[in-house]
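Please treat every number below as a calculation from the coordinates, not as lab data. Predicted, not measured: the structure shown is a model, and the values here were computed from it. Here Cβ is always computed from backbone atoms with ideal geometry, including for glycine, and neighbour counts include all displayed protein chains.
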Amino acid sequence: MVPRVPLPPEIQLAQRLAGNEQVTRDRAVKKLRKYIVARTQRAAGGFTHDELLKVWKGLFYCMWMQDKPLLQEELGRTISQLIHAFQTTEAQHLFLQTFWQTMNREWTGIDRLRLDKFYMLMRMVLNESLKALKMQGWQERHVEQLLELLMTEILHPDSQAPSGVKSHFLEIFLEELSKVGAAELTADQNLKFIDPFCTMAARTQDSLVLHNITRGIFEAIVEQAPFAIEDLMNELDAQEEEDGVSEDDEHEQDVLSKEPGSPHGAVRDRSKELPGDGEDSVGPVLQFDYEAVASRLFVVASQQGTPSQNRKRLYKVIRKLQDLAEGLFPEDDVPEKAYRNLQEEGQEKRTKKRPKSRSQKQPGKGGKEDSRPDPSSGSERRMRRRRRRGSGTEPTGLQEQLGGPGGRGARKKRRRLRARARVKVAGCQELQTKQRPLQSRK
């Protein structure tokens, strides 16, 4: 017999990751992490592109087999944190590249019941990839490499990424960047993060990608502008308070803060509150130089090769950003006003369609209200419908039962009269046709 050739360790791990038993899958995930650490520590080690594709296929079906929501979240966090097991930046980027390629390849086979957990996995992997940049000090070279990888594998026309992957990535990118780097990133660094999206929005031929970039990146910046400026002012106020307080003032505040109901104590307590802890907080918000973002968008939108549809859409965003740079914020109550106007218009239309009857008494005169049914009730609508059909008088309930005017008997009589009229008209037409040839002979 021919001796059995052992399979490569990547294939063995992939088979165990996609096993039916949860215990087998959990052990395979732990062994995979140890295997990655041991292999990437060697100088001649590292993974190839095909090997990581096999590993990711096993991880994909490991997530596929997990059905319980809490365990899905735990497994997604464990899988996404495997990026930190790689020792070099190149190996981390190759791990991310094969992840997005796997999602693009397997996306069309995901049913709607399993869609949410893979949305969650994409969000967690993106979050951990940004955390890896944070650990490296947000180096410009590494930032550019990661953004180029994401643009190539997701938004580039040749990436073959499904619309669902593109839309979800554009929806979560700014959110995850805010969670990871809002406390450290400056406005210039944030501009570098969104610069590839400016270029892609100006060049893309896909209207869906243009809409998602505009909505998920640029309009999100406009909507978060009031919160971003509020956070910035809070930071400046905190710095001024720390620099302006002298030693005597500190001593007086310490004494007064011990007294109950002291206003100085209240000020000290407010200064200790962290930004983003209030009820109206939207979480961490990125800082942007709105004039610089508008200038960058204008440069790419005004190029000769930019499609007219993209140029019009980007010019609208540029106007909003320029207004923000001048201190003009969008009104928050515009949607409420529009909603109220629509409600008032709808009520006016309904009152015009249902005018009040002349004989209806007002409650203020005589102290008695009209006993007639409401015009909006079903009986009144049926009465109006019968009047349109030709009934002369308003039928009462007894007349309807006995076939009185406006009831079934009246309808049958009208039908008979119409039939007799048609017969008479037909007879007159026949007499006219017989008389015409006689007149022509004469």
Note down the net charge around Asn310, summing +1 for each Lys or Arg and -1 for each Asp or Glu among other residues with Cβ under 12 Å from its Cβ. +4
Gain in length, Gln15 to Arg105, computed as 0.36 nm per residue apart minus the alpha-carbon separation, to one decimal in nm? 30.5 nm
Around Leu53, under 14 Å between beta carbons, what's the net of Lys plus Arg minus Asp minus Glu among the other residues? -2
Tell me, what ³J(HN,Hα) does each residue in the range 217-228 have, in order and in whole Hz, if you take phi through Karplus 6.51 cos²θ - 1.76 cosθ + 1.60 with θ = phi - 60° and put x for Gly and Pro? 10, 6, 5, 5, 5, 5, 5, 8, 4, x, 5, 5
How large is ³J(HN,Hα), in whole Hz, for each residue of the range 128-141 in order, when computed from phi with the Karplus curve 6.51 cos²θ - 1.76 cosθ + 1.60 and θ = phi - 60°, using x for Gly and Pro? 5, 5, 6, 5, 4, 5, 5, 5, 8, x, 6, 5, 4, 5
Could you please report the charge total around Ala325, scoring K, R as +1 and D, E as -1 over all other residues with beta-carbon less than 12 angstrom from its beta-carbon? -2
Find the relative contact order for the range 1-180 and round it to a whole percent, using C-alpha pairs within less than 8 Å whose residues are 6+ positions apart. 21
